[in-house]
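Note sheet for the following structure.
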Amino acid sequence: MADRTDTFGRLLVNDLLPDEHKVTGPISKKSFYKMLDTMSRETPDAYVRIVPELKRLGDSLATTEGLSVGLDDITPDYKDRNETLAPFITRFDAAKTDKARSQIAEEAHGKMQDVAMRHKGTMTMQVQSGARGNPTQYTSIVASPTSARDGKGNTEPWLIRRSHSEGLSSADNWVAGNEAILNTISTYTAVSEPGELAKILVSNMSDIIVTEDDCGTTNGVFMAALSPSVLDRYLAKEVGGFKHNTLITSLNQSKLAKISSTILVRSPMTCEAGDGVCQKCQGLNEKGSTHDIGTNVGVRAAQAMAEPLTQFALGAKHGARTIKDDRIKVKGVQGFRQIIESPQQFVNKATLAQLNGTVERITPAPQGGHYVVIGGQQHYVTPNLAVTVKVGTVVQAGDAVSQGIPKPDEVVRLKGLGIGRQYIVDTLAGLYKDQGRELDQRHFELLAKGELNYVRVLKDPSRNFVPGDVVSYNVLRRELKKGTKVMPVDDANGETLGKAYFHFYTGTRVTPQIQAYLKQQGVKEVIIAPRAPEVEFIMKAATRAPLLNPDWMARLSHRNLKNTIMQATHFGESSDIHGSHPVPAYITGVEFGQGTKGKY
Ligand SMILES: [Zn+2]
């Protein structure tokens, strides 16, 4: 941000703040919120005292000083605007195709935004700080919109040369009209898709309740010790002098980071509670206290993730139109849907190695694109994506060999549930962050736990399962626990894990790569399940996963009600009205809330 003299305002604000939280540099909405957040955690007493004082300061300034917008504030800086626009006008007038004209109009838009941010008016700082207004609309007022979209959302081959404050020409107005109509319509329709997604999320997560204080796991997920995501969680493995189950706070975080840059922390994803999640794996809530037994953390997380989706949908039309090519990034509501549903038609799908091996050949494909040959098997890469490996590169199953977005269900199938869950968490956290919404990462972890929770039985020598059965990971875990054996890691090749180690979940077949990884992490002996069925980890679309719940009344909270009732009747299915899913308890009504361990 520009170096502006906001000294007087900063002086007034800093006057109220304790020394350790004084602000330096320009104050933006984002940095200020962050400071308040830190203060609320580190010095909660000061926080409750200071926030009302800050509000009083704001109120008094708004009353005594006021802030009005004069004509100077919205009059374009004609010289700057016209000089910046001139080369684009020359190019536009010389352009031969509509495509070139559209592109020039888009390019000009980026430059106009710079002009707007240099504007001397008082609104510039408001927009820059994030307090009020958005850059695209402000640019249209004090510089020029330059480009407008047609009814399909594509850029019109037209260069708007005047600003809204001067008034558009008749031709400009004609062109910009479509965009105005499109915006009005999308404001009404955009909220319907996030609404649907909110319901889907709730259906996938509504049985994740806090059921016990400590499941006792020593497993967790690796995180950077300095990441804000480790705060309010418990250590899964001791680090230096810090024991297992040490609560990580802003006070001990830097000490931990000095000992080890990555730490293993407890996570809902690796919780071993029979149902739901335990207090220790969930960590503290936003108020800094333990979640009560029975808290439905799943539904809370679903709502926290759903709320910004509406903003993403509405924001899409106001967003700055830049020509930066980020097509192969997961973005917005569509990107969110693509990740949780993993549809057949997956836009910009990266090609993943289907087996461990070495890249033997890369040849152009006759239909366009490339073939990457690994272990004699051809992997097709589409023409719009570049190959990212070379001949001789050693790859493991599930590694990307091209640009693009890995399809989540392929990641789960090739790399297992642990890495699949982590992939979804990282991708979704990144998607929200790109839109300026940094959510508590545990929300995504709960979604990954709720949705990516199934395995398909391929073979079962002990005949507890029928081949082809899809069972929940919890059921498999319980079954495998029954007859386990301890053996040295060195002897475990080909055996099935009877317990989760890091991202290698119960049911994983041990390979030489896994042996090497475990030894590197200091694991010497592993618990294996000698009579385990052979399973495949699978991911079902978020719209389908809730239908795999064996509790038929719980399934009634989702879709396909007729099928659910027919299937329940045919197979004599049962339902637990004191289980971890709230719907069977709601439906029956009687004895609601009388379940044990926080259940309904
Ligand atoms: Zn746990």
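Structure data summary
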read-out	value
Residue count for segment 238-272, restricted to those that are within 14 Å of the ligand (Cβ to nearest atom) and outside any strand (DSSP E or B)	9
Residue, farthest from the ligand (Cβ to nearest atom), within segment 292-329, restricted to residues that are acidic (Asp, Glu) and either more than 28 Å from residue 230 (Cα to Cα) or modelled with pLDDT of 95 or more (or both)	325
The listed residue being farther than 30 Å from residue 522 by Cβ, away from the ligand (no atom under 15 Å from the Cβ), surrounded by fewer than 19 Cβ atoms within 10 Å (Cβ to Cβ) and of a type in the set (Ser, Thr, Tyr), out of 206, 289	289
Within segment 381-405, tally of residues that are out of contact with any His (no Cβ under 9 Å at 6 or more places or on another chain) and within 11 Å of residue 353 (Cα to Cα)	8
Scan of segment 208-230 for residues that are within 28 Å of residue 438 (Cα to Cα), part of a strand (DSSP E or B) and more than 17 Å from the chain's Cα centre (by Cα), ordered by number	210, 211, 222, 224
Number of the condition not met by residue 574 [criteria: (1) of a type in the set (Gly, Ala, Ser); (2) under 28 Å from the mean Cα position of the chain (by Cα); (3) surrounded by fewer than 20 Cβ atoms within 10 Å (Cβ to Cβ)]	(2)
Tally, over segment 367-409, of residues that are touching a residue at least 40 places away in the same chain (Cβ under 8 Å) and in a strand (DSSP E or B)	4
Enumeration of residues in segment 232-241 that are modelled with pLDDT under 95, in contact with a helix residue (DSSP H, G or I) (Cβ under 7 Å, 6 or more places away or on another chain) and surrounded by 17 or more Cβ atoms within 10 Å (Cβ to Cβ)	239
Check on residue 597, in contact with a Phe, Trp or Tyr (Cβ under 7 Å, 6 or more places away or on another chain), in contact (Cβ under 8 Å) with a residue 24 or more places away in the chain, not in a helix (DSSP H, G or I) and not small (Gly, Ala, Ser)	no
Residue list for segment 545-571, filter: of a type in the set (D, E, K, R) and surrounded by 17 or more Cβ atoms within 10 Å (Cβ to Cβ)	551, 555
Residue check, residue 218 more than 12 Å from the ligand (Cβ to nearest atom) and either modelled with pLDDT under 95 or surrounded by fewer than 23 Cβ atoms within 10 Å (Cβ to Cβ) (or both)	no
Neighbours by Cβ (under 6 Å, 6+ apart or cross-chain): first from segment 91-112, closer than 14 Å to residue 81 by Cα; second basic (Lys, Arg) and at pLDDT below 95	109/321
Candidate set: segment 121-154, residues that are in a loop (DSSP other than H, G, I, E, B) and at pLDDT 90 or above; chosen: the one farthest from residue 77 (Cα to Cα)	148
Verdict on residue 172 being surrounded by 13 or more Cβ atoms within 10 Å (Cβ to Cβ), without any contact (Cβ under 8 Å) to a residue 60 or more places away in the chain and more than 30 Å from residue 83 (Cα to Cα)	no
Test: residue 142 is surrounded by fewer than 14 Cβ atoms within 10 Å (Cβ to Cβ) and in contact with a helix residue (DSSP H, G or I) (Cβ under 9 Å, 6 or more places away or on another chain)	no
Test: residue 529 is in contact with a helix residue (DSSP H, G or I) (Cβ under 6 Å, 6 or more places away or on another chain), touching a residue at least 12 places away in the same chain (Cβ under 8 Å) and surrounded by 20 or more Cβ atoms within 10 Å (Cβ to Cβ)	yes
Residue within segment 351-366 that is within 30 Å of residue 203 (Cβ to Cβ) and either part of a loop (DSSP other than H, G, I, E, B) or under 27 Å from the mean Cα position of the chain (by Cα) (or both) present	yes
Qualifying residue in segment 581-597 (condition: out of contact with any His (no Cβ under 8 Å at 6 or more places or on another chain) and closer than 30 Å to residue 356 by Cα)	no
Where residue 275 falls short, out of the listed (1) at pLDDT 95 or above; (2) within 16 Å of the ligand (Cβ to nearest atom); (3) not aliphatic (A, V, I, L, M)	(1)
Selection within segment 238-279 - out of contact with any Pro (no Cβ under 7 Å at 6 or more places or on another chain) and closer than 24 Å to residue 480 by Cα	266, 267, 268, 269, 270, 271, 272, 273, 274, 275, 276, 278
Boolean, residue 201 is part of a helix (DSSP H, G or I) and away from the ligand (no atom under 16 Å from the Cβ)	yes
Hits in segment 430-446 (condition: under 10 Å from the mean Cα position of the chain (by Cα), in contact (Cβ under 8 Å) with a residue 40 or more places away in the chain and part of a helix (DSSP H, G or I))	430, 431, 432, 434, 441, 443, 444, 445
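Residue-wise test of (1) at positive phi; (2) assigned to a loop (DSSP other than H, G, I, E, B); (3) within 29 Å of the chain's Cα centre (by Cα); (4) surrounded by 12 or more Cβ atoms within 10 Å (Cβ to Cβ).
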| site | (1), (2), (3), (4) |
| --- | --- |
| 464 | no, yes, no, yes |
| 468 | yes, yes, no, no |
| 471 | no, no, yes, yes |
| 474 | no, no, yes, yes |
| 479 | no, no, no, yes |
| 483 | no, yes, no, yes |
| 493 | no, yes, no, yes |
| 499 | no, yes, yes, yes |
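The values are calculated or read from the model by the stated rules, or taken from the named source; none is laboratory data. Just so it is clear, the model here is predicted, and its values are computed rather than measured. Backbone-built Cβ (ideal geometry, glycine too); neighbour counts: all protein chains shown.
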